[in-house]
1. Just to verify a result, which residue in the stretch 77-130, among those that are closer than 30 Å to residue 207 by Cβ and among the basic types (Lys, Arg), is surrounded by the most Cβ atoms within 10 Å (Cβ to Cβ)?
2. Looking only at the stretch 255-273, count every residue that is in contact (Cβ under 8 Å) with a residue 60 or more places away in the chain, in a loop (DSSP other than H, G, I, E, B) and in contact with a strand residue (DSSP E or B) (Cβ under 8 Å, 6 or more places away or on another chain) and tell me the total.
3. Of all residues in the stretch 204-220, how many are among the acidic types (Asp, Glu) and part of a helix (DSSP H, G or I)?
4. Tally up the residues in the stretch 61-78 that are of a type outside the set (A, V, I, L, M) and not in a loop (DSSP other than H, G, I, E, B), please.
5. Output the residues belonging to the stretch 79-108 that are over 19 Å from residue 193 (Cβ atoms), at pLDDT 95 or above and touching a Leu at 6+ places or on another chain (Cβ under 8 Å).
6. With the requirement that a residue be closer than 19 Å to residue 45 by Cα and basic (Lys, Arg), what does the stretch 85-118 give you?
7. Determine which single condition residue 86 fails, assuming it passes every other condition in (1) assigned by TED's automatic domain parsing to the domain that holds residue 265; (2) without any contact (Cβ under 8 Å) to a residue 40 or more places away in the chain.
Amino acid sequence: MVDGRAMRVEVGCYCMKELKDTQNEVDPRGVPIQRVGVRALRFPVRIRDKKDALQHTVATVSLGVDLPHNYKGTHMSRFIETLNAHGPELSVRDIRRIPQELLGRLDAERAHVEVSFPYFIEKRAPVTGAPGMLDYEVKFTVDATKDEMDLIVTVAVPVATLCPCSKAISDRGAHNQRGIVTYSVRFDEPIWIEDLIRVVELSASCELYATLKRPDEKAVTEIAYDNPVFVEDLVRNIAVKSRGDENISWFRVEAENFESIHNHNAFAEVEWVRGGEW
């Protein structure tokens, strides 16, 4: 039988002892660490969508700071404490605040935060209007010092592409495949996740849907056939649309096709900053 009172007394005695702080010991090797912290931490998050509603989803969180050469280790528990200080659910405003809070709690010069989560949009099939929820991966990346903060929003958008070369040389049909576009932006004014996703979808041969009846399947097959794009065309289409948006100050876009007639993938990538060349 366990005596609960005795256990409480014993635990209380341990709490009163001064415990050794190994992390604050001096490290003699003279090697600074650019980033140390915790990752693969799951946490609830709420995101406002363009329909002026809230989505409640679950994020995978990474928190890190720099560590000067003279410290043996960082205090891992302080990362979790910082996150939990915002309550049972994070908002976008919380995500922007966390890096500065990490700098103070951990006496660091630079903090890094990544928050990625599935984001859902209801899409109706193009002919029948059948509804379905399609998921997209979204990531907020924040780097901060005491004086500056850099925020990048990334969306991973699945699309369909049809090969222009296959269409040009074939008597019947053309090979097509599903691909994924990873589109990252820096911006001046708040930007909607839905708008970034739409830029990508309108640049592909055809967008994807969760639910398709036979008339819808016929429609998307023909839409893709009428809009063939190489992986190179896909990133260029997005680049042109992005450069035309004065709110976007920088972007990087990568498209990867899961080829249907090859045992490899095709990819293309473009990066641009406003004021730069090309």
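1. Selected residue: 123.
2. Here the count works out to 3.
3. Residues meeting the conditions: 2.
4. Keep residues of the stretch 61-78 that are of a type outside the set (A, V, I, L, M), which gives 62, 64, 66, 68-75, 77-78.
Retained after the next criterion (residues that are not in a loop (DSSP other than H, G, I, E, B)): 62, 64, 66, 71, 77-78.
Residues that pass the stated criteria total 6.
5. Within the stretch 79-108, 79, 80, 82, 83, 98, 102 meet the criteria.
6. Passing the criteria: 93, 96, 97.
7. Here residue 86 meets the rest and fails (1).
Let's see how each residue does on (1) touching a residue at least 12 places away in the same chain (Cβ under 8 Å); (2) within 27 Å of residue 250 (Cβ to Cβ); (3) touching a helix residue (DSSP H, G or I) at 6+ places or on another chain (Cβ under 6 Å); (4) of a type in the set (Val, Ile, Thr):
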site: 171; (1), (2), (3), (4): no, no, no, no
site: 189; (1), (2), (3), (4): yes, yes, no, no
site: 196; (1), (2), (3), (4): yes, yes, no, no
site: 220; (1), (2), (3), (4): yes, no, no, yes
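The values are calculated or read from the model by the stated rules, or taken from the named source; none is laboratory data. Note that the structure is predicted; figures quoted are calculated from it, not measured. Neighbour counts run over all protein chains shown; Cβ positions are idealised from the backbone, glycine included.
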